[in-house]
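Notes for the one structure printed next.
The values are calculated or read from the model by the stated rules, or taken from the named source; none is laboratory data. This one's a predicted model, so the numbers in the text were calculated from it and none came from an experiment. Don't worry about glycine lacking a Cβ; one is built from the backbone with ideal geometry, like all the others, and counts go over all protein chains shown. Just the protein is used for accessible areas: all its heavy atoms, side chains included, with ligands, DNA and RNA removed. Shrake-Rupley method; radii C 1.70, N 1.55, O 1.52, S 1.80 Å.
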Amino acid sequence: MSGPLTGPPACPLVVLVGPMGSGKSTVGELLAGRLGVPYRDTDADIVAAEGREISEIFVSDGEDRFRELERAAVRAAVTGHGGVLSLGGGAILDESTRALLSGLPVVYLSLEVDEAVRRTGLNQARPLLAVNPRRQWRELMDARRHLYTEVARAVVATDERTPDEVADAILDALELRDE
Ligand SMILES: Nc1ncnc2c1ncn2[C@@H]1O[C@H](COP(=O)(O)OP(=O)(O)O)[C@@H](O)[C@H]1O
Ligand SMILES: O=C(O)C1=C[C@@H](OP(=O)(O)O)[C@@H](O)[C@H](O)C1
Ligand SMILES: [Mg+2]
């Protein structure tokens with residue numbers, strides 16, 4: 001028998017979900033800095049563990065393998081991280097991941113297609129938007145919108161907000177402000 005040397009397992013203060021380009025990684029890091037808590041991003045965890053970029057995993061091993069890695073990365077982060085956690089845009093496709101998120105302070109960062117394409121269009125880091133970003137982004141949203149909504153405790157629209165304003169809106173939505 002072992003005593004509670006390290007206390008109960010940590011659980012995230014905020015979990016950010018939403019489509020590619022909604023600002024999960026940017027705002028997550030900013031918010032963690034403002035709250036003075038650790039930041040974690042499951043895409044970064046996968047890249048660090050695998051020693052290769054997300055796009056390389058997709059090309060070499062396929063999306064199914066990426067989703068397996070992502071499922072494990074989300075489970076590890078959700079059960080062992082007490083700060084702000086940003087997920088990859090497709091993490092919520094997995095049913096066990098959605099079950100794991102149930103009851104947690106999950107915020108869905110939303111945005112419309114024009115702004116998504118503006119924000120993601122200029123780089124090749126997202127293999128799922130590599131061919132026709134506008135059409136692919138729309139199709140992904142048609143398949144996923146209800147899942148983002150299902151797991152979220154609050155929705156924050158990001159189109160006309162700066163990252164700082166999005167962070168403010170998250171704190172308001174989750175009632176995490178000091179004052
Ligand atoms: N609120 C915002 N306003 C303008 N640009 C943003 C905003 N949030 C993020 N961005 C920019 O959009 C791009 C995608 O952001 P990122 O945080 O990687 O999104 P995600 O992790 O949701 O895919 C980055 O270039 C980032 O600087
Ligand atoms: O929506 C998706 O399926 C993906 C989103 C990406 O993360 P961001 O949402 O942080 O861009 C990354 O996990 C991968 O390219 C797949
Ligand atoms: Mg990201």
>> I'm trying to understand the selection: among the residues of the range 157-179, which are farther than 14 Å from VAL107 by Cα and assigned to a loop (DSSP other than H, G, I, E, B)?
In response: ASP159, GLU160, ARG161, THR162, ARG177, ASP178, GLU179
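Hey, can you tell me all the residues within the range 141-156 that are open to solvent by 50 Å² or more (accessible area, probe 1.4 Å), under 12 Å from TYR108 (Cβ atoms) and not polar (S, T, N, Q)?
ARG145, HIS146, GLU150, ARG153, VAL155
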>> Only one of GLY51, GLY82 is in contact with a Cys (Cβ under 8 Å, 6 or more places away or on another chain), more than 21 Å from ARG161 (Cα to Cα) and away from ligand 3 (no atom under 13 Å from the Cβ). Can you tell me which?
In response: GLY82
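To keep it simple, each residue is scored yes or no on (1) under 14 Å from LEU13 (Cβ atoms); (2) over 15 Å from the mean Cα position of the chain (by Cα).
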| position | (1), (2) |
| --- | --- |
| LEU85 | yes, no |
| GLY90 | no, no |
| SER96 | no, yes |
| GLY103 | yes, yes |
| VAL106 | yes, no |
| GLU112 | no, yes |
| GLU115 | no, yes |
> Across the range 34-56, which residue is farthest from LEU147 (Cα to Cα) among those that are among the β-branched types (Val, Ile, Thr) and within 16 Å of ligand 1 (Cβ to nearest atom)?
Replying inline: VAL47
> Which numbered condition trips up PHE66, out of (1) over 18 Å from ARG145 (Cβ atoms); (2) within 16 Å of ligand 3 (Cβ to nearest atom); (3) surrounded by fewer than 18 Cβ atoms within 10 Å (Cβ to Cβ); (4) touching a residue at least 12 places away in the same chain (Cβ under 8 Å)?
Replying inline: (3)
